[in-house]
Structures are given as C-alpha cells and as structure tokens.
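Structure first, then comments.
What follows draws every value from the coordinates through simple rules; no lab data is involved. Keep in mind the model is a prediction, meaning the values are calculated, not measured. Cβ placement follows ideal geometry from the backbone for every residue including glycine, while neighbour counts extend to all protein chains displayed.
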C-alpha cells in the first residue's frame, strides 16, 4: 500500500510538472502569436504611411521644414514602437488649433534655434520629440525679440526661463539660472540644481554621471 501511494504521488508530481511546462509553452506561444500579429499590423501601417509620403513627394525645404508636391509644409519626425519599428511622418498642423504650418509659419524668417525651439518674425515654436512623434506648437508666453537658447535644453526671454519639456519654468530663479552647451539637460540657480525641470535632491545622489554634471555646474 505504501509502495502504491509512492507511485501515485510520483505520478501526480510528474503530471503537475508536465502541465506547468506545457502551460508555459502554451503561454509563450500565445504571447509570440500576439506579438507577431501586432508587428504585422505596425508594418502594414508603416507601409501605408511610407507609400503616402512617397506619393506626396516630401522634400527638404529649409531649416528643418519640408514641403510636399501640394505645397504643404511639414516638420519631419518619427513615431517609434516597442518593436523597434520607426515610422516617418510629417507634422503639417500647429497644435492644437489645427492651423496649417503653411498659413502660420513665415518661411522667410523661419529658423531652427537649437534644443526644441524654432522662430520666425511672429512666433517662437517648439517640437519636442516623443515616441508618437510629438507635436509642433507656438510657445505663447515667449517674447520673440528677446528669446535665446541656453545650453542644450533651455531658453530664456526677458520674462521667463524655458525648458524644452516643461516650457515656462516658474520654479527656478530667473536671475541666477545657469547652464552651458554640452552639459545636457542639467542646470542650476541659487536654490539648487536641475535635471530638465526637476530639482535634484543633492542629499541623495549616488549616480556618478549626475555627480559629474553637478561638479561642472558648480564651476559656472
């Protein structure tokens, strides 16, 4: 009886292990199937967009502006996916009013300033790249006449400090704000140090890269 019980126990353990292995294989196969279907959908969409872009015959115009055969203006950007598939697309409208770049941008004075910023005689614009390609919009708070780039990720005018992600940075001290070219999205003011628009907690910095950037900023 004890021997029979031992065999039954072995059988149950073997069955459970086999079930677990098969379930893992089934789950993996299901995930692979879903992933393959998603990849096919993305490639199908990419091919449609690529075909449309080719038909429109987009070509470089000036200062990061592109123009197609219909005379539409666009900012070239990329939509990225988790599968590593990049899709070229062209932003032809100003967010979020829906006005076309063609009727908004003064092409004669349009220029790329640096960071995410552009300008013409009428406006400051920004295009911050994101996984969906981002948007192109007017920085309403910016003063065109006094706007200038600071370092790699920031700008200022007579009234504000701007970050390429947050735009107006009300949390920093305007007069003491400093950064420099080549340091990336790090900056400082009299109250502390910043990464983009986030203040760095200097009491809890363990990353050597961040420490190096803070050391560089201290010299400014």
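Our estimate of slack between residue 175 and residue 195, defined as 0.36 nm per intervening residue step minus the Cα-Cα distance, is 5.4 nm.
For 130, 169, what's the fewest-to-most ordering of other Cβ within 10 Å of each Cβ? Let's see the in-between values first.
Details: 130 13, 169 22.
Listing 130, 169 from fewest to most nearby Cβ atoms yields 130, 169.
Fewest first, what order do 112, 193, 117 take by the number of other Cβ atoms within 10 Å? Can you show the working numbers first?
Values: 112 16, 193 19, 117 22.
Ordered by Cβ neighbours within 10 Å, fewest first: 112, 193, 117.
Rounded, prolate or oblate: which fits the stretch 73-220, taking a ≥ b ≥ c as square roots of the Cα gyration tensor eigenvalues, rounded meaning a/c under 1.5, else prolate when a/b beats b/c? Because a/c hits 1.5 or more and a/b fails to exceed b/c, the stretch 73-220 counts as oblate.
Need one number: % antiparallel among DSSP beta bridges in the stretch 90-180, to the nearest 5.
Values: 18 of 19 bridges.
If we restrict to bridges inside the stretch 90-180, about 95 percent are antiparallel.
Between residue 51 and residue 97, take the C-beta separation as r, use R0 = 35 Å, and let me know the FRET efficiency to the nearest 0.05. It comes to 0.75. With 0.36 nm allotted per residue and the present C-alpha distance subtracted, the residue 43-residue 203 stretch has 52.9 nm of extension available. Computed over the stretch 57-140, the convex hull of the alpha-carbon atoms projects to a mean area of 5.8 nm². Summary of the geometry: the stretch 99-118 and the stretch 44-91, compared by the centres of their Cα atoms, lie 17 Å apart.
Potential lengthening of the chain between residue 165 and residue 215 amounts to 15.6 nm, from the contour at 0.36 nm per residue minus the alpha-carbon distance.
Fewest neighbouring Cβ atoms within 10 Å first, the residues 161, 42, 208 line up as 208, 42, 161.
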